[in-house]
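Have a look at the structure below, then the notes.
The values are calculated or read from the model by the stated rules, or taken from the named source; none is laboratory data. Model, not experiment: these values are computed from the prediction. Backbone-built Cβ (ideal geometry, glycine too); neighbour counts: all protein chains shown.
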Amino acid sequence: MSQAHLSTDLEELLSQGDARGISIGRLLQALGDRGFGLLFIILSLPSALPVPAPGYSTPFGIIITILALQLMAGRRTPWLPKWATEKWIRRNLAETLIGAGAGFFRRVEHLIKPRWEFVLARGGQFFAGILIIIMAALMIVPIPLTNTAPAMVIFVIGVAMVEDDGLGMLLSCVLALLAVLLYLAVFAAIGYFGLQGWDELKEIFTSG
């Protein structure tokens, strides 16, 4: 599957639904047996990209964890409980994600391709599941300005799975390490300066 096809899949999936948007259950039905990769991409996008999408990190992080456990168990077709399938992506956010996601793939299409498929073998998928669970847990932590990093890791893993790109999967491991270091630095800052100090630091990064 080429990146052009991946962009098309993303657009087709997120364009379904109605004026309210699209439910996770509808996405699950549309995906069929195409695997977990596209779901990881879509569910991580609201937090991975610099778009305003409050309220999605926690529920989507939990859903991503459920999917990662299935990936580790070797399940071939994604399954989600009823409460998860009833979660919605608002229409305006879906349209924003289509534009942002398509733009991303256009910029990196020459970098992503099938290679080093052995990295994505059964053992690699089990490890990817562990990595996704760790990143999803960090994504859920309610600290402003931090959930982008772990969500991006999950996004890259999803792309690597869809494109059979073992090198991309290895890159996600490096990004995961950086995300963990970021959270350790944030926790250290909060422990040393307190929440007020973190609020002041956040103001510095978001002002101007």
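A few remarks follow.
- Here the helices (runs of 4 or more DSSP H) wholly within the range 77-192 that include at least 2 residues being touching a residue at least 60 places away in the same chain (Cβ under 8 Å), under 18 Å from ILE42 (Cα atoms) and of a type in the set (Val, Ile, Thr) are 91-108, 122-140, 148-163.
- Candidates in the range 12-34 are the residues that are surrounded by fewer than 17 Cβ atoms within 10 Å (Cβ to Cβ) and in a loop (DSSP other than H, G, I, E, B); of these, the one that is modelled with the highest pLDDT is ARG20.
- Every listed requirement among (1) in a helix (DSSP H, G or I); (2) at pLDDT 70 or above; (3) more than 27 Å from ILE63 (Cα to Cα) is met by GLY197 save one, (2).
- Candidates LEU67, LEU131, LEU93: the one that is at pLDDT 90 or above and touching a Pro at 6+ places or on another chain (Cβ under 7 Å) is LEU67.
For (1) within 15 Å of the chain's Cα centre (by Cα); (2) within 20 Å of ASP18 (Cα to Cα), each residue gets a yes or a no:
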{"site": "PRO46", "(1), (2)": "yes, yes"}
{"site": "GLY55", "(1), (2)": "yes, no"}
{"site": "MET72", "(1), (2)": "no, no"}
{"site": "LEU80", "(1), (2)": "no, no"}
{"site": "TRP83", "(1), (2)": "no, yes"}
{"site": "ILE89", "(1), (2)": "yes, yes"}
{"site": "ALA100", "(1), (2)": "yes, no"}
{"site": "PHE104", "(1), (2)": "yes, no"}
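- Scanning the range 55-64 for residues that are modelled with pLDDT under 85 and either surrounded by 24 or more Cβ atoms within 10 Å (Cβ to Cβ) or farther than 17 Å from GLU95 by Cβ (or both) returns GLY55, SER57.
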